[in-house]
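I have placed the structure first, in the form of C-alpha cells, so that the comments after it can refer back to it.
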Amino acid sequence: MNFAVIGHPIRHSLSPVMHHANFQALNREDTYCALNIDPKHFHHIKDIITEKRLDGFNVTIPYKIDIMKYCDEIDEAAQMIGAVNTVHIKNRKWYGYNTDGLGYLMSIESLLDDDMHILILGAGGASRAISYTLMHSHHVTVANRSLYRIKDWPFKVQSMTYNELSDLSQFDLVINTTPVGMTGFADQTMIQCDKLNKSCIVSDIIYTPEKTALLKQAELNKLKIINGLGMFVMQGAKSFEIWTGVRANKEAMTRAVQTALKGRK
C-alpha cells in the first residue's frame, strides 16, 4: 500500500521516517512519502493523489481545512473539529478523519483521572481537536488572547482571555497548543508555573525542542511534564490503523522519531 503526507512546506516532516519504521517493524512493504503541494496547484489535489496511486494520506499545514471540500465523507469528530488530517481512499472515495485529538488523548491517557480540570492555551486547530476530544470526560477551559475564534466552534467549552486567568491552582492539567516555545520563537511562556498546583501536569504539543520554556519552568517547579512527541506518534499510529485495520508498532515509531531528532541537534 502507498501513503504520503501533504503540506507546504513539508521537507522537514518526520512522518516518512516514523511510518517507514512502523512498516519495517511489521514486515510490510508499504511506502510513505512527503509531497510538497504548492498552494497554486492545490485545486489539482485529486489528480495529484490519483497519479501517485495512494491508499491514504496525512494532511498538515496549511491544508487541514482546505482538504475537507475534496472528501466524499467526513467523520463526525472531524466535522466538529473543523479539520481533516487523515484521508483514507477506498473504492475511489475519500474518507476524512482527524486523529490529532485522539492522538493527544492516547499519548497522555495513563496520566488522566476522571473529571480533571484542564486548561488549554491557544485556540487554533490543535486546541480545537484536543478540546473536543477531552471535553466529553473532563472540564475544559480554553484561554486565548481573544475569544472571537472560540465563539465560532460548533461545541461549547468554557473560555477566557489570558488576562482573565486569575486562579491557576484549580487546574490539574495545562496544555500549550500555541507555537510559543517552538524552535525559532521567543523563549517565553504563556503562564507562570509557580502559580499551579503541585500535582498539576504541564503538557506542550511541541516536541522540538524537547523541552520548551514552559516545560523547563514547570520542571523547575517540580511539576510532571510531557512534550508533544507522544501526540505526534499516536496520531500517526491512528492514521495507519484507519488505512489498514492493523495495529501500529508505536514503540518502533517512537524510537525512529527520537533518533531523527537527535540527528538534527
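The values are calculated or read from the model by the stated rules, or taken from the named source; none is laboratory data. Quick caveat, the model's predicted, so the values are computed rather than measured. Neighbour counts are summed over all protein chains in view; Cβ atoms, including those assigned to glycine, are modelled from backbone coordinates with ideal geometry. Note: areas computed on protein heavy atoms with side chains; ligands, DNA, RNA excluded. Shrake-Rupley method; radii C 1.70, N 1.55, O 1.52, S 1.80 Å.
Its Cα centre serving as origin, the chain has a Cβ charge dipole (Lys and Arg +1, Asp and Glu -1) of approximately 620 debye.
Based on every Cα atom in the stretch 218-257, Rg and the maximum pairwise Cα distance Dmax equal 13.6, 43 Å. Nearest 0.05, what FRET efficiency do Asn27 and Tyr162 give at R0 = 35 Å with Cβ-Cβ as r? Working from the Cβ atoms, E equals 0.10. Distance from the Cα centroid of the stretch 132-179 to that of the stretch 10-56 is 33 Å (rounded to whole angstrom).
About the Cα centre of the stretch 37-81, what is the dipole size in debye to 20, counting +1 per Lys and Arg Cβ and -1 per Asp and Glu Cβ, all else neutral? It would help to have the intermediate numbers written out before the result.
Numbers: 6 positive and 9 negative charges, 46 e Å.
So the magnitude is around 220 debye.
With only Cα atoms counted, the chain has Rg and Dmax values of 18.5, 54 Å.
Simple point charges give the picture: +1 on the Cβ of Lys and Arg, -1 on the Cβ of Asp and Glu, and for the stretch 128-265 a dipole about the Cα centre of about 320 debye.
Kirkwood Rh, the stretch 75-160, all Cα pairs: how many Å?
Details: mean 1/r = 0.0733 Å⁻¹.
With all distinct Cα pairs of the stretch 75-160 included, I get 13.6 Å.
Over all distinct Cα pairs, what is the inverse of the mean 1/r for the stretch 139-237, reported as the Kirkwood hydrodynamic radius in Å? One over the average 1/r among Cα pairs gives 14.3 Å for the stretch 139-237. Look at the alpha carbon pairs under 8 Å that are at least 6 residues apart: their mean separation over the length of the stretch 81-132 gives a relative contact order of 39 percent.
Pairs with C-alpha atoms separated by more than 23 Å, drawn from the list Lys64/Lys224; Lys90/Lys238; Lys69/Lys93; Lys156/Lys198; Lys151/Lys238, are Lys64/Lys224; Lys156/Lys198; Lys151/Lys238. Comparing Asn27, Leu165, Met68 along the charge dipole axis of the chain, the residue lying farthest to the positive side is Asn27, per the Cβ-charge model.
For the stretch 208-265, the relative contact order is 24 percent, taking Cα pairs closer than 8 Å that sit 6 or more residues apart in sequence and dividing their mean separation by the residue count.
With the gyration tensor restricted to C-alpha atoms of the stretch 1-67, the semi-axes of the equivalent ellipsoid amount to 22, 13, 8 Å, longest first. Share of carbon and sulfur in the accessible area of the chain stands at 48%, probe radius 1.4 Å. Considering all C-alpha pairs of the stretch 67-217, those separated by over 19 Å amount to 56%.
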